[in-house]
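A short write-up of the structure that comes next.
The values are calculated or read from the model by the stated rules, or taken from the named source; none is laboratory data. Since we're looking at a predicted model, the values are computed, not measured. Reconstructed Cβ throughout: ideal geometry from the backbone, glycine too, with neighbour counts over all protein chains shown.
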Amino acid sequence: MKSRNNALVIKQLDNKLQTFQPLIKTQLPPQGWINLIRGALHMSLRQMGTRLQMTAQGIKDIERREKEGTITINSLKQAGDALGMQLVYGFIPKEDSLEKMIDRKAYEKAKQIVSRTSTTMKLEDQENSQARIKQAISELAEENKRDMPGSLWD
């Protein structure tokens, strides 16, 4: 039951993450979103500072931290509010989906385990055929996907 629920959770999460997929090619502006949007709106540092109850220098600091990647999510949200924008935050899987990432990791882990066992058996002169090794990798990969042991991410 646990594995079916886990598969369902993965599938539902993949569906949610797919909504972000079109954004993967979006390039971050070199000066940061806050500076770019503020400039496009012709909003001065002072005006934005007033909205956030900060000084112009404080806004400059926020823009610098965004550019450097050290800004907090909360600061981004507040800056977005001051600009009349909503912060959207998410992750996009590098491998099309979480399911594909899990498939790859399960296969890699299975191959590692079966190869290690196969080498030991070979040393003991009990070598398996390539077809049997391939089948064992496939079976173990399926088991890894179903059970998703924590060691999958080692």
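Annotations
- Complete set of residues in the range 108-122 that are among the aliphatic types (A, V, I, L, M), within 30 Å of P93 (Cα to Cα) and at pLDDT below 90: I113, V114
- Test result for R104, charged (D, E, K, R), free of Cβ contacts under 8 Å to residues at least 12 places away in the same chain and either in contact with a Cys (Cβ under 9 Å, 6 or more places away or on another chain) or closer than 21 Å to A7 by Cβ (or both): yes
- Near pairs, Cβ below 7 angstrom, 6+ apart or cross-chain, from the range 23-35 (in the same structural domain as S75 (by TED's automatic domain parsing)) to any residue that is surrounded by 10 or more Cβ atoms within 10 Å (Cβ to Cβ) and of a type in the set (D, E): G32/E63; G32/E66; W33/E66; I34/E63; I34/E66; N35/E63
- The set of residues from the range 58-114 being among the hydrophobic types (A, V, I, L, M, F, W, C) and part of a loop (DSSP other than H, G, I, E, B) comprises I71, L83, M85, L87, V88, F91, I92.
- Some residue of the range 116-135 being acidic (D, E) and outside any loop (DSSP other than H, G, I, E, B): no
- Residues considered: D125, D154, D61, D81. Of these, the only one that is more than 23 Å from the chain's Cα centre (by Cα) and either at pLDDT below 90 or of a type in the set (K, R) (or both) is D125.
- Residue in the range 31-38 that is aromatic (F, W, Y), within 24 Å of the chain's Cα centre (by Cα) and in a loop (DSSP other than H, G, I, E, B) present: no
- The numbered conditions (1) within 30 Å of E142 (Cα to Cα); (2) touching a helix residue (DSSP H, G or I) at 6+ places or on another chain (Cβ under 8 Å); (3) basic (K, R) are all true for K100 except (2).
- All positions within the range 93-107 that are at pLDDT 90 or above and loosely packed, with under 14 Cβ neighbours inside 10 Å: K100, R104
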